[in-house]
Amino acid sequence: MPLVDESYGVADVAKGVYWADRPRTFDNPGFVVRFAYARAAWVVRAAGELGVENGPPEGYAGDELVLLRLLGEMPGWAAGEARGFVSFLERLGRAYHDVHERCPALPKGDEKPRAVHGARVALARAARIAIGNGLTMIGETPRERI
């Protein structure tokens, strides 16, 4: 079941803003947003399996700060008109992909979890909640697997 924070993002955004399901490439904005949600959900699941817990939001830089700024802007965009909010979700999805690719939340191989991993897991969890709420607000059901 998707994790959605019911108390966050209560907005009057028009329902039924649909993106195409195919092609499932980064050229399709709908895929970008849906896959960002699925990727963040995977990170949260895998972190739990590996015992990597949320850490304090410290040490963010570069792409992580861009994502953090966008997460902070979400309530303002959600209060606006639907087209602007959908465009915002696309930017949020792309920002999450940048973080996922360049700033791994999970240790690799035999690497031990460090504080940076906990901070990045917390950021992935926040992105999952925000993107999931955004998808719900435009009338889509967030999917953890694509």
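Annotations
- Karplus (6.51, -1.76, 1.60) ³J(HN,Hα), θ = phi - 60°, over the range 117-126, in Hz, Gly and Pro reported as x: 5, x, 5, 6, 5, 4, 5, 5, 4, 5
- Taking every DSSP helix (H) stretch of at least 4 residues in the chain, weighting each as -39,500 (n - 2.57) and dividing the sum by the residue count yields a mean residue ellipticity at 222 nm of -19500 deg cm²/dmol.
- Positive minus negative residues near P142 (Lys, Arg vs Asp, Glu; Cβ under 9 Å): +1
- Distance cut-off 19 Å, percentage of C-alpha pairs in the range 67-137 lying past it: 37 percent
- Between 0 and 90°, nearest 10: helix 82-102 axis offset from the chain longest Cα axis: 20 degrees
- The angle between the Cα long axis of helix 29-50 and the main principal axis of the chain comes to about 30°, on a 0 to 90 degree scale.
- Relative contact order for the chain: 44 percent, from Cα pairs under 8 Å spaced at least 6 residues apart, divided by residue count.
- DSSP-assigned coil residues among trypsin sites (Lys or Arg not before Pro) in the range 108-146, each with at most 10 further Cβ atoms within 10 Å: K108, R145
- Loop-located GluC sites (Glu not before Pro) in the range 72-143 (DSSP state other than H, G, I, E, B) with a sparse environment of at most 10 neighbouring Cβ atoms within 10 Å: E111.
Only the coordinates and a few stated rules stand behind these numbers; no lab work does. Fair warning: this is a prediction, and the values are worked out from it, not measured in the lab. Because the Cβ atoms are built from the backbone with ideal geometry, glycine has one as well, and the counts that use them run over all protein chains shown.
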